[in-house]
Amino acid sequence: MKEARSEFVDARGVRLHVRRWGPADAPMLFMLHGWMDVGASFQFVVDALAGDWQVLAPDARGFGLSDWPVAQTGGGHYYFLDYLADLDVLLDHYAPGAPVNLVGHSMGANVCLL
């Protein structure tokens with residue numbers, strides 16, 4: 001099993017947890033999880049990937065180790081535009097101005113498509 005490391009990125013006041021596998025100089029692959037899931041669920045995919053990849057799998061806001069905005073705002077609203085804006089922050093943080101590979105499952109696939 002390939003070992004992941006945890007990182008945290010601030011996305012517009014919400015602390016997002018990102019699970020990261022692979023060497024920093026390998027091609028970057030972002031994996032977005034589905035509803036009621038977490039980035040760690042991609043472990044089996046990461047283990048099956050051929051070649052070297054740098055895989056980044058964030059926990060979406062309100063999931064896993066990422067912040068739950070209800071704690072900051074007093075509301076429990078989660079909109080696809082918020083998930084999309086969070087992805088934009090993560091892409092700017094990890095790959096500013098560079099092309100990236102996106103993989104999404106279920107809800108994460110919808111965010112990728114948007």
Cα radius of gyration and Dmax for the chain (Å): 13.4, 45
Surrounding net charge for ARG15, when Lys and Arg each add one and Asp and Glu each subtract one, Cβ distance under 15 Å: -3
Tally Lys/Arg at +1 and Asp/Glu at -1 over every other residue whose Cβ is under 12 Å from the Cβ of ARG5; what's the total? +1
Angle check, please: helix 80-94 long axis (alpha carbons) against the longest principal axis of the chain (alpha carbons), in degrees 0 to 90, nearest 10. 50 degrees
For the chain, give the share of DSSP beta bridges that are antiparallel, in percent and rounded to the nearest 5; count only bridges with both residues there. 60 percent
Residues PHE8, PHE30, PHE63 in order from fewest to most other beta-carbon atoms within 10 Å are PHE8, PHE63, PHE30
With a sphere of radius 14 Å drawn around the Cβ of GLN43, what net charge do the other residues whose Cβ falls strictly inside it have (Lys, Arg +1; Asp, Glu -1)? 0
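FYI, it's all coordinate maths here, none of it is from the lab. Source: prediction; values computed, not measured. Reconstructed Cβ throughout: ideal geometry from the backbone, glycine too, with neighbour counts over all protein chains shown.
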